[in-house]
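Quick notes on the structure that follows.
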Amino acid sequence: MPNPASPNKPSTERFQTGPVVVLSVCHFIHDAYSSFLAPLLPLLITKLGMTLTQAGFLSTVMQIPAIFNPLIGSLADRVSTRYFIILAPATTAIPMSLLGLAPNYGVLLVLLFCAGISVAMFHVPSPVMVSRLSGTRVGQGMSFFMTGGEFARTIGPLVAIGSVSLLGLEGAYPIMLVGVLASLWLYLRFREVPVGNSQKQRTPLGEAWRDIQHVLIPLIAILIFRGFMHAAMATFLPTYIKAETGNLWLAGLSLTLFEASGVVGVMTTGSLSDFLGRRKMLTLSILGAPLGLFLFIELSGWYRFMALIFTGFTLLSTTPVMLALVQENAQKSPAAANGYFMMSSFLARSAIVVVVGFAGDMIGLKATYLISAALGLAGLPFIRMLPKR
């Protein structure tokens, strides 16, 4: 695999389908395990007697290692970080497969924090490599990459619920073996592939921030307002459905349907933004997601499922467009810039999910969903602050 001539330019204008697909598969394997928390949350709440606020804090703990994403990005700009990618499926699979064995809330926090470290070490260098392999079609490359992650969050809840149904909450830990074998396979495939920048630049983190702040500041604002909807749906949807129906399988299937529609969203919006423009696609997504969430709350029957599909499609489709914006505008240190973006994304989600959980305890999840949808519209003005090209 060729090394890039400069840190922010792909080494070839050709879209390298094979390597990009391999990275997408890597993303799928890894994120399937990191998606276990939400579908298992109703069972963990019952087992450990947690409040919704405590349950929301679990996601926050898993996101705390994202604080170090800019440092990881700075490292990725100078050295090969392929082993971060290779080891990630195993180092995420092991703690996430042990959640059901946690005897108390403290052990659960430790397991999720360890998984969060693995998540952070994987997600920073991977999009940079995808950008370098995508030539002039960065949006399409990000769509490929994010499709793996979204598809994992579609399959992951079913794997978690199915494993618990067959083996019990405390007996499902053998599923970690798949992640370990995946890391072995990735080692055989990636061990000779350089992920770092061949020029090994040493751009200070402050300079990397100044280089990309004109893009990151409006994106962070959008992430915050969008984050209320994301936290409400991605973390508490199974809990909300189970409270309404008492059916754990229906709760897991609802999350799967939500994530599956997100797969379609990320497959299309990144590629469309290469031709229609990044700002236009973000506008359509940020207008559509609150509308879909309002309809999901108010409708019933099959109409509700249609609204859930529309919400997932629009809400989860923004990430490839945002990643493309960051990589296209990072002139000096693309991995550090991506580290800043991923840190902002993870920290915004982790802080907001606690707020959403607290609101759910105080006013109920239905009212919390309605407020989250209204807040989502507040991100629209910040789109105009993004570069037009």
Checklist entry - Going by alpha carbons, how many degrees (0 to 90, nearest 10) lie between the helix axis of 319-329 and the longest principal axis of the chain? => result 20
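Over the Cα atoms of segment 232-389, Rg to Rh with Kirkwood Rh, two decimal places?
When Rh is taken as the Kirkwood radius, the ratio is 0.99.
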Checklist entry - Using θ = phi - 60° and the Karplus form 6.51 cos²θ - 1.76 cosθ + 1.60, what ³J(HN,Hα) does each residue of segment 126-138 get, whole Hz, x for Gly and Pro? => result 4, x, 5, 5, 4, 4, 6, 8, 9, x, 8, 10, 5
Item to check | Largest-first principal axis extents, alpha carbons of segment 14-151, Å | outcome: 54, 28, 23
Checklist entry - Short version: ³J(HN,Hα) in whole Hz for each residue of segment 217-228, in order, from phi by Karplus 6.51 cos²θ - 1.76 cosθ + 1.60 (θ = phi - 60°), x for Gly and Pro, what are they? => result 4, x, 5, 5, 4, 5, 4, 5, 5, 5, x, 5
Checklist outcome for this item: Fewest to most Cβ atoms within 10 Å: 113, 236 sort as 113, 236
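Just rank 210, 304, fewest to most, by other beta-carbon atoms within 10 angstrom.
Details: 210 11, 304 15.
Listed from fewest to most nearby Cβ atoms, that is 210, 304.
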Checklist entry - Computed over the Cα atoms of segment 165-324, what is the ratio Rg over Rh, Rh following Kirkwood? => result 1.06
Checklist outcome for this item: log10 I(q)/I(0) for segment 225-265, Debye formula on C-alpha points only (no solvent), q = 0.25, 0.34 Å⁻¹, two decimals, reads -0.82, -1.06
Checklist outcome for this item: By the Kirkwood definition, with r running over pairs of different Cα atoms, the chain has a hydrodynamic radius in Å of 20.7
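Computed from the coordinates by the stated procedures, all read-outs in this text should not be read as laboratory data. A quick note: this is a predicted structure, and the numbers were derived from the prediction, not measured. We place every Cβ from the backbone using ideal geometry, glycine too, and count neighbours over all the protein chains shown.
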